[in-house]
Amino acid sequence: MKQLITYFGLAYLISWTIWLPLYGHTFGLTHLPTLPYHHGLGGFGPLIASFLTTWIYQKKQGVKLLIKKCLQTRPLIYLTVAVLSPFVLAFAATTINYFVDKSPINLAGLLTSEEFPQFNLLTFFIYNLIFFGFGEEVGWRGFALPRVQEKFNALNSSIILTVFWAIWHWPLFFYRPTYVSMDFEGIFGWTFSLLTGSILLTWLYNSSKASILICAVFHSTIDIAFTADLANDNIVNYMGFLITVWGILTIIIFKPKNLATSEREKSTHP
């Protein structure tokens, strides 16, 4: 429990401090200096917190294990799922949009981002992988999930982590346009999407025998699918529906205890 309290506290402190120049105006703090990709830099909070907490409690042995899990590519089937499944969801949502709303299918929008017009698909993926894939997943799944699962089953652990994960995003509601514009219904839908994502990431983590890399890749490709220019409101809603169905099927097929194809590892840290 002490390890989790330390980790959550550090993750919030580091990310919220980095993001302060972006939301500080809300509290009267203006003209704070910002850096290129400043929002992305805040994504490093969970990663830094996980390594600091691991060093505090497990020293060198724990850090080495954490790094090993960050480099674990196998089983390749789950890495393939992590890479391709969000794009399959985007294509399926676009197809539904075509039949329901008569909108033409144009997948070119999946290759560009209005926020980062200088990026192509590869560089947008690398950006997401570094700042939010590894930046977040080394902490939420790599550090926190196995420790929460020592006391709770996989599904309940996913729900618990969703709460702390949602709180971590708090500053974004003061400066990110998509967050600032959310009403109560939007916040509910966003929270539910985090829960679905948390369940699928737990499934990938447990099924892959604790590969942080696979979780980081999935986090990155999901972000691309939901934020690329392809994703208008209708397509985002259809993708949200499809990923919710996927999450429900995952619970039914793999069962709440393990959310994995086999018995999950009881502990993945020293």
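A short reminder: the numbers here are calculations on the coordinates, not readings from a lab. None of the values given here were measured: they were computed from a predicted structure. Positions of Cβ are generated from backbone atoms using ideal geometry, with glycine treated the same way; all protein chains shown enter the neighbour counts.
Among (i) 14.6; (ii) 16.8; (iii) 13.2, find the value of mean projected area of the Cα convex hull in nm² that was calculated from the structure presented, and write down its label.
The listed entry that was calculated here is (i).
Sorted by mean Cβ packing within 10 Å, highest first, what order do the peptides 161-167, 96-102, 119-125 take? Spell out each step's value before the answer.
Working: 161-167: 17.6, 96-102: 12.6, 119-125: 14.9.
For the peptides 161-167, 96-102, 119-125, the packing ranking is 161-167, 119-125, 96-102.
In whole percent, what relative contact order does region 2-254 give with Cα contacts below 8 Å and a gap of six or more residues?
Values: 300 pairs, mean separation 76.7, N = 253.
Relative contact order comes out at 30 percent.
Name the residue farthest towards the positive end of the dipole of region 2-254 from the options Leu65, Leu79, Phe99, assuming +1 on Cβ of Lys and Arg, -1 on Cβ of Asp and Glu, about the Cα centre.
Highest projection toward the positive end goes to Leu65.
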